[in-house]
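Step one of this worksheet: look at the structure below.
The values are calculated or read from the model by the stated rules, or taken from the named source; none is laboratory data. None of these values were measured; they are calculated from a predicted model. As a convention, Cβ positions derive from the backbone with ideal geometry for all residues, glycine included, and neighbour counts pool all protein chains shown. Each accessible area value is taken on the protein alone, full model and side chains, heavy atoms only, with ligands, DNA and RNA left out. Shrake-Rupley method; radii C 1.70, N 1.55, O 1.52, S 1.80 Å.
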Amino acid sequence: MKLGIIEYIDCAHFLPEHPKCGKVHGHTYKIEVVVQGEPKDGMLLDFRDLKTQVREVLATYDHGHWNDVMEYPSVENICQLLHTRLQARLAFEFTLRVFEGHGKWAEM
Ligand SMILES: [Zn+2]
């Protein structure tokens, strides 16, 4: 069984030396977390608990500047960072997909 939630954060970033993304600009990042496991008594995980865990991690970065956090804030590196932070909190196997604006994403 899979269970998913979607959250959003707004952040600024730039990619050093990149011809187009080298100037500071912002994105709305859509964060999709899908946990996987066996439901017990009709429930895999309470949505509220999952949202609390994910929101606490995302709150660190929302309305912040990714370049203060990492050297090269590509969507791949952002996905990797958020995956590491969530892995420390979630007891289930999960997939994380990070959308940078519309139609572009990275998944782990
Ligand atoms: Zn960008």
key: Pick from the stretch 29-58, criterion open to solvent by 70 Å² or more (accessible area, probe 1.4 Å) and within 14 Å of the chain's Cα centre (by Cα), ranking: nearest to residue 10 (Cα to Cα)   = 55
request  = Return a yes/no flag: does the stretch 6-27 have any residue that is away from the ligand (no atom under 16 Å from the Cβ), charged (D, E, K, R) and either within 23 Å of residue 88 (Cβ to Cβ) or more than 16 Å from the chain's Cα centre (by Cα) (or both).
outcome  = yes
key: Residue ID - farthest from the ligand (Cβ to nearest atom), chosen from residues in the stretch 38-54 that are at pLDDT 95 or above and touching an Asp or Glu at 6+ places or on another chain (Cβ under 8 Å)   = 51
task = Check the stretch 80-95 and report whether any residue there is in contact (Cβ under 8 Å) with a residue 24 or more places away in the chain, under 29 Å from residue 20 (Cα atoms), among the polar types (S, T, N, Q) and open to solvent by less than 50 Å² (accessible area, probe 1.4 Å).
result = no
